[in-house]
Amino acid sequence: MTSRTDVSDMDMRRRQRYDVVVVGGGAAGLSGALTLARARRSVLVIDAGEPRNAPASQVHNYLGRESTPPGELLAIGRGEVTRYGGEIVRGRVASAERLPGEGRGFRVVTEDGTAVEARRLLVTTGLVDELPPVPGLAERWGREVLHCPYCHGREVADRPIGVLSVGPLAVHQALMWRQWSDDVTLFRHTGPEPTDEEYEQLAARGVAVVDGEVEGLEVEDDRMTGVRLAGGRVIGREALVVQARFTARSAVLESLGLVPVPQEMGGEVIGMYVPTDPVGATEVPGVWAAGNVTRLTEQVIGAAAAGLMAGAAINGDLIAEDTRNAVEARRRG
């Protein structure tokens, strides 16, 4: 099987059926594909080319790959998958369906109508970050507008940081980010007023609290310089922490009958995800999921680990099926 990567169309005519089709070519998908390709399985990765961390300049907390640009990390992963015979094509999967008949597997259909069959599916489509409706946030997302201190805290350490309150987790965020800077301001915006205990905690840690809604960001020379309140007051900040809502890209899984469920943190719903067991198996036999589509707060290294576990579990499941088929064939003589 000839290896290939970054194919622009959906030319999957040479092989119509694979052991595994992986939907999504991020860290989880490529890790699962690598595991399966090394296990000598025929693997096709269908990737829409929309990685969640594309706006970020670097990947962090990935042992051995610290500070690697996201695009470079994916390019390395694609090369590793194709080195072992895996195939990668560019395309967007519209739906998947179970083929009639026991053990037939699945049909995966892309938006251009191309169809391919697979014995098993691994869905690693990730999630979408839904930002609060404040002008300017989307344009600075992943640069100075941040959400995860473990992903970006070191890069803005000791700088003036703002935290935009849109829910009850804002105080928790402010106290977390205080670890990286002693200049943290909590902007009340649309979030609830802190309790007396929370006010005391913020004061003890030197976190300022500013009332009023935020109406935009100040940007100079393509760098964020401040937060603009309704009424025009500007408070200088070089980074702004926001609580995005995480929504799994679950359309492919939903086409198979899997329903996303809400995930709560601190009594607040932070997003929707598709549940799996510890190795990524869903409630639909033959379908696995890994990465942010099933673990909303997973970082890149965790998504890669989840892809590895799912790939190994899928291979084990295929081995069991291959053995059953071999036993049946032997009994038939």
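The values are calculated or read from the model by the stated rules, or taken from the named source; none is laboratory data. As the structure is a computational prediction, the values presented were derived from the model and not from experiment. We place every Cβ from the backbone using ideal geometry, glycine too, and count neighbours over all the protein chains shown. These area figures cover heavy atoms from the full protein model, side chains too; ligands, DNA and RNA do not enter into them. Shrake-Rupley method; radii C 1.70, N 1.55, O 1.52, S 1.80 Å.
For the charge dipole of the range 158-312, defined by +1 on Lys and Arg C-beta atoms and -1 on Asp and Glu C-beta atoms about the Cα centroid, which residue among LEU186, GLY231, ASN292 has the Cα displaced farthest towards the positive pole?
ASN292
If packing is taken as the average count of other Cβ atoms within 10 Å, what order do 110-117, 285-292, 74-81, 23-30 fall into, highest mean first? Display every interim value, and only then the final one.
Numbers: 110-117: 15.2, 285-292: 26.4, 74-81: 18.9, 23-30: 30.1.
Taking the mean over residues of other Cβ atoms within 10 Å, the ranking is 23-30, 285-292, 74-81, 110-117.
Using the Cα centre as the reference, give the magnitude of the dipole from point charges on the C-beta atoms of the range 85-136 (Lys, Arg: +1; Asp, Glu: -1; all else neutral), rounded to the nearest 20 debye.
Numbers: 7 positive and 8 negative charges, 51 e Å.
So the magnitude is around 240 debye.
If a/c stays under 1.5 just call it rounded; otherwise compare a/b with b/c (prolate if a/b is bigger, oblate if not). Do that for the range 260-319, with a ≥ b ≥ c from the square roots of the Cα gyration tensor eigenvalues. Walk me through the intermediate numbers first.
On the way: a/c = 3.57, a/b = 1.73, b/c = 2.06.
It is oblate, given that a/c is not under 1.5 and a/b is not larger than b/c.
Using unit Cβ charges (K, R positive; D, E negative) and no other charged atoms, how large, in debye to the nearest 20, is the dipole of the range 37-147 about its Cα centre?
Working: 16 positive and 15 negative charges, 123 e Å.
For this selection, approximately 580 debye.
Size of the dipole of the chain about the Cα centre, Lys and Arg at +1 and Asp and Glu at -1 on the beta carbon, nothing else charged, in debye to 20? It would help to have the intermediate numbers written out before the result.
Numbers: 37 positive and 46 negative charges, 420 e Å.
About 2020 debye.
Among DSSP bridges having both ends in the chain, what percentage is antiparallel? Round to the nearest 5. Mind showing how you got there, number by number?
Details: 29 of 63 bridges.
Taking every DSSP beta bridge with both residues in the chain, the antiparallel ones total about 45 percent.
Quick check for you: with a 1.4 Å probe and neighbouring chains kept, what is the accessible area per residue of the range 126-235, in Å²? Numbers along the way, then the final one.
Details: 5460 Å² over 110 residues.
Normalised by residue count, the accessible surface of the range 126-235 is 50 Å².
Report in % the part of the accessible area of the range 161-268 that belongs to carbon and sulfur, leaving out ligands and nucleic acids; probe 1.4 Å.
Roughly 45 percent, rounded to a whole number.
Of the options SER95, ALA118, PRO168, report the single residue whose Cα projects farthest towards the positive end of the charge dipole of the chain (beta-carbon charges: Lys, Arg +1; Asp, Glu -1).
It is ALA118, whose Cα lies furthest towards the positive end.
With the contact rule set at Cα under 8 Å and sequence spacing of 6 or more, what percent relative contact order holds for the chain?
Details: 719 pairs, mean separation 67.3, N = 333.
So the answer I get is 20 percent.
Just order 293-300, 149-156, 166-173 by mean Cβ neighbour count inside 10 Å, highest at the front, would you?
Details: 293-300: 22.9, 149-156: 17.5, 166-173: 19.9.
Going by the mean number of other Cβ atoms within 10 Å, highest first, we get 293-300, 166-173, 149-156.
Restricting things to alpha carbons, find the Rg to Rh ratio for the chain using the Kirkwood radius for Rh. Present the calculation step by step, with values, prior to reporting the outcome.
Values: Rg = 22.8 Å, Rh = 21.6 Å.
In the chain, Rg relative to Rh is 1.06.
For every other residue with a beta carbon closer than 9 angstrom to the beta carbon of GLY25, add +1 if it is Lys or Arg and -1 if Asp or Glu, then tell me the sum. Please list the in-between numbers first.
Details: positive: ARG78, ARG90; negative: ASP47.
Every neighbour counted, the sum reads +1.
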